[in-house]
1. Using the basic label-point model (7 angstrom from Cα toward the beta carbon), what is the E148 to K132 distance in nanometres?
2. Subtracting the Cα-Cα distance from 0.36 nm times the residue separation, let me have the gained length for D97 to E9 in nm, one decimal.
3. Along Cα→Cβ, 7 Å out, is where each label goes; now give me the distance between the ones at V90 and Q41 in nm to one decimal.
4. When N is the residue count of the stretch 72-191, what does its C-alpha Rg come to as a fraction of 2.2 N^0.38 Å?
5. Please state, as a whole number in µm²/s, the translational diffusion coefficient that the Stokes-Einstein equation yields for the stretch 85-132 at 25 °C and 0.890 mPa s, with Rh defined as the Kirkwood radius across alpha carbon pairs.
6. Any idea how far apart K140 and F63 come out in nm if each label point goes 7 Å out from Cα toward Cβ?
7. Can you give the convex hull volume per residue for the Cα atoms of the stretch 137-191, as a whole number of Å³?
8. Going highest first, how would you order 70-77, 116-123 by mean Cβ packing within 10 Å?
Amino acid sequence: MSEKDRIEEMEEMEDALEQEDPQEEKLRDQSGEDETEGADQHSREEELQAELEKEKDKFLRLFAEFENFKRRTSKERMDLFKTAGQEVMVSLLPVLDDFERALKELGRSSEKELFKGVELIHHKFKDTLKAKGLEEIEAKEGDAFDAEIHDAITQIPAPNKKLKGKIIDVVEKGYRLGDKIIRHPKVVVGN
């Protein structure tokens, strides 16, 4: 069908519509328009409302995800700052152990001035490490053994019943950097 034929057909349809009763046509048009207009507007409103709810939900989820991300990265950064020097601290622990052994030996000798000098250096070294977050884990004879904190290197028969399941001797001190244990105290446990 050509363009010209379509135009002629449309004109014929318009003529046929004009010949109908104008009053009847008006009533039909008004009632039909009102119903379709109201239904169209109502359904369009519902569509927009549903779309708005969907977008709100997306936004809230995205916002919550972002807040969780911020919180998680902030916590990770804080943990990183707290334990940033862990490798250095772990490598300095044997030096600290050697200092303590040297102090024990110098305490037995008659050279009190040398002992005081080494003791002063030892305290300064410990204070510097403490300022960087290093803490000694307290473990002494008679404390209850805790597998989460202590590292039992051996078990020996307890000298008395009170020391059964308790620490009998501390072989090597333990340390924590911030909240993280970087070396567990090595202990002997009574059984």
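Every read-out reported here was derived from the displayed coordinates using simple, explicitly stated rules and does not represent laboratory data. Everything numeric here is computed off the predicted structure, so don't read it as measured data. Cβ atoms come from the backbone with ideal geometry, glycine included; neighbour counts cover every protein chain shown.
1. Between E148 and K132, the simple spin-label model gives 2.8 nm.
2. Extra length available between D97 and E9 comes to 21.1 nm.
3. Roughly 7.3 nm, to one decimal.
4. Cα Rg divided by the expected 2.2 N^0.38 Å: 1.27.
5. Numbers: Rh = 11.4 Å.
Stokes-Einstein gives a translational diffusion coefficient of 215 µm²/s.
6. 5.5 nm
7. 61 Å³
8. Values: 70-77: 10.0, 116-123: 13.1.
In decreasing order of mean packing, 70-77, 116-123 become 116-123, 70-77.
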